Amino acid sequence: MQRDDDPPARRIDKLRRINQVLIDRIDRLEESRGSAWSMFQAAVALEQEVLTRTRQLEKAMADLSQRNRELAVARAAAEEANRSKTRFLRAASHDLLQPLSAARLFLAALTDTPMDEQQRELTDRLSGAFESVEQLMHAVLDISRLDSQRIEFHRQPVPLGELFRRLAAEYAPLAEEKGLRLSFVPTDAVVESDPVFLRRIAQNLVSNAIKYTHRGGVVVGVRPQGATCWLCVYDSGQGIPAVDRNRVFDEFQRLAHDRGTPGMGLGLSIVRRACAKLGHPISLQSEAMRGTVFRIGLPRVAAGADARAAPADPALSALRGRVALVIENDPGMRRGYEMILRDRLGMVARVTGGTAEAAATMGDEPPDVIIADFHLEQDDNGILAIQTLRARTGQMVPAVMITAHRDPELARNCAAMGTVLIEKPVRPPELGEMLARLLA
């Protein structure tokens, strides 16, 4: 506290110190005020930046949503186009395979008649042409089915010995024509797979092996390994170069040194797709000028499982004089069945166009076997025909269903009915063998 008796100099000094303190306090206040202002300005600038970025993000999200909607529409259109393609092929397969089946039946009947050398050559060439068309159509239909997201498989125990026997009968003439040895190692192995697609896999492997082998032979066998049976197809061909071993599984891919071999290069693509869908591993080993081996891994089924095994060598003589009731709405197919059943197999063929006509033709005496086409007129179909005729006779008359529809639901229905299913085009040897097995 300042006193009145303080010297003037002391008073001036004290006032100077007070003034300095006040000045320092004012400076600190100014500094603090400037810092707050700067922070305020920075906050405003940051807020503007956030608003700008938010608007940009909202625009980007709106663009992305629009793109997603466009992609969803495009995907839906593509899926619908794929379904339409599948529906078209499924519907068209009957109309495509029907005349081909009739032609094959007539050609088989023609080969049983006396012919001179030129006529025999013509029928052989016709048979080869039909075989090529049939293989191509089967390949297109198989790829379409395997590309479908809704494909279903009918897994069941499959005896490989029975599969080998059918393949041997089917491909022995082709191997003999090329001067090759075709051998199937006997086996009692039973595996779990879809029997239709497993047979198609084996057919493509054996067919490819014969096509691309020009001397030596082809051997088909089984190698058990723990819980897996490896289906092996060996050939003594020129081998597959290492650079081509992945490419051969693509569509329309063929080796450069085998361009003269007939085919479209679809067989191994079907094998790869079917194995991938079924979960069967596939491997390939090859050595130049020494040959190639394809292996398919199949889950093994314990002994004693129901594999629906059949007699190994049914005698066609058991068919002579037996009565076959045919239900087929196509006149050409009816005539073809009549000629094959009567002239080649020695059976009594009663051909009809539908369920009602078949029931009237049958009378009180049941036939020995029913052969029905699945696709009949209007609401009529082969399943209805077989069920109606069996109900009328009160017996489980053996039956064969012929179809161009590769439908897993139809396969399940036929299995539940105890009816054999054969896909078109009908091969007369396969039909005769199947009838012999049913009636033996």
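The values are calculated or read from the model by the stated rules, or taken from the named source; none is laboratory data. Not measured: the values here are computed from a predicted model. In this analysis, Cβ positions are derived from the backbone assuming ideal geometry, glycine residues included, and neighbour counts consider all displayed protein chains.
Please verify whether the range 227-241 includes one or more residues that are out of contact with any helix residue (DSSP H, G or I) (no Cβ under 9 Å at 6 or more places or on another chain) and either part of a helix (DSSP H, G or I) or free of Cβ contacts under 8 Å to residues at least 12 places away in the same chain (or both).
Within the range 227-241 (the criterion being out of contact with any helix residue (DSSP H, G or I) (no Cβ under 9 Å at 6 or more places or on another chain) and either part of a helix (DSSP H, G or I) or free of Cβ contacts under 8 Å to residues at least 12 places away in the same chain (or both)), the answer is no, since none of the residues qualifies.
Quick grid of which residues meet (1) at pLDDT 85 or above; (2) within 21 Å of the chain's Cα centre (by Cα); (3) aromatic (Phe, Trp, Tyr):
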position: VAL397; (1), (2), (3): yes, no, no
position: GLU409; (1), (2), (3): no, yes, no
position: ALA415; (1), (2), (3): yes, yes, no
position: GLY418; (1), (2), (3): yes, no, no
position: GLU423; (1), (2), (3): no, yes, no
position: LEU431; (1), (2), (3): yes, no, no
position: MET434; (1), (2), (3): yes, no, no
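Quick check: anything in the range 389-405 of a type outside the set (S, T, N, Q) and more than 18 Å from THR355 (Cα to Cα)? If you could, list the steps in order and put the result at the bottom.
Filtering the range 389-405 down to residues of a type outside the set (S, T, N, Q) leaves 389-392, 394, 396-402, 404-405.
Now restrict to residues that are more than 18 Å from THR355 (Cα to Cα): 404-405.
Looking for residues that are of a type outside the set (S, T, N, Q) and more than 18 Å from THR355 (Cα to Cα), one finds at least one in the range 389-405, hence yes.
Exactly one of these conditions fails for GLN395: (1) of a type outside the set (Gly, Ala, Ser); (2) in a loop (DSSP other than H, G, I, E, B); (3) crowded, with 19+ Cβ neighbours inside 10 Å. Give me its number.
Status for GLN395: all satisfied but (3).
Is there a residue being modelled with pLDDT under 85, assigned by TED's automatic domain parsing to the domain that holds VAL191 and among the β-branched types (Val, Ile, Thr) anywhere in the range 251-265?
First, the residues of the range 251-265 that are modelled with pLDDT under 85: 251-265.
When the remaining residues are screened for being assigned by TED's automatic domain parsing to the domain that holds VAL191, the result is 251-265.
Filter once more, keeping what is among the β-branched types (Val, Ile, Thr): 261.
Looking through the range 251-265, at least one residue is modelled with pLDDT under 85, assigned by TED's automatic domain parsing to the domain that holds VAL191 and among the β-branched types (Val, Ile, Thr).
Is at least one residue of the range 407-419 under 21 Å from ARG334 (Cβ atoms), surrounded by 17 or more Cβ atoms within 10 Å (Cβ to Cβ) and not assigned by TED's automatic domain parsing to the domain that holds PHE164? It would help to see each step written out before you state the result.
Restricting attention to the range 407-419, the residues satisfying the condition of being under 21 Å from ARG334 (Cβ atoms) are 419.
Restricting the remaining residues to those that are surrounded by 17 or more Cβ atoms within 10 Å (Cβ to Cβ) gives 419.
Filter once more, so that each one left must be not assigned by TED's automatic domain parsing to the domain that holds PHE164: 419.
So far as the range 407-419 goes, yes, one or more of its residues are under 21 Å from ARG334 (Cβ atoms), surrounded by 17 or more Cβ atoms within 10 Å (Cβ to Cβ) and not assigned by TED's automatic domain parsing to the domain that holds PHE164.
Taking only pairs six or more apart or across chains, which ones have beta-carbon atoms under 7 Å, a first residue in the range 155-172 that is of a type in the set (Lys, Arg), and a second residue that is crowded, with 16+ Cβ neighbours inside 10 Å?
Listed pairs, sorted by first residue: ARG155/GLU192; ARG155/SER193; ARG155/ASP194.
Are any of the residues in the range 179-193 buried (at least 18 other Cβ atoms within 10 Å of the Cβ) and out of contact with any strand residue (DSSP E or B) (no Cβ under 8 Å at 6 or more places or on another chain)?
no
Any idea how many residues of the range 336-348 are crowded, with 17+ Cβ neighbours inside 10 Å and either over 36 Å from the mean Cα position of the chain (by Cα) or closer than 13 Å to MET434 by Cβ (or both)? Please lay out each step first, then the result.
We begin by selecting, within the range 336-348, every residue crowded, with 17+ Cβ neighbours inside 10 Å; these are 336-341, 344-345, 347.
Restricting the remaining residues to those that are either over 36 Å from the mean Cα position of the chain (by Cα) or closer than 13 Å to MET434 by Cβ (or both) gives 340-341, 345, 347.
Counting residues in the range 336-348 that are crowded, with 17+ Cβ neighbours inside 10 Å and either over 36 Å from the mean Cα position of the chain (by Cα) or closer than 13 Å to MET434 by Cβ (or both) gives 4.
Just give me the residues in the range 358-392 being free of Cβ contacts under 8 Å to residues at least 12 places away in the same chain, over 35 Å from the mean Cα position of the chain (by Cα) and not in a loop (DSSP other than H, G, I, E, B), in sequence order.
Result: ALA360, ALA391.
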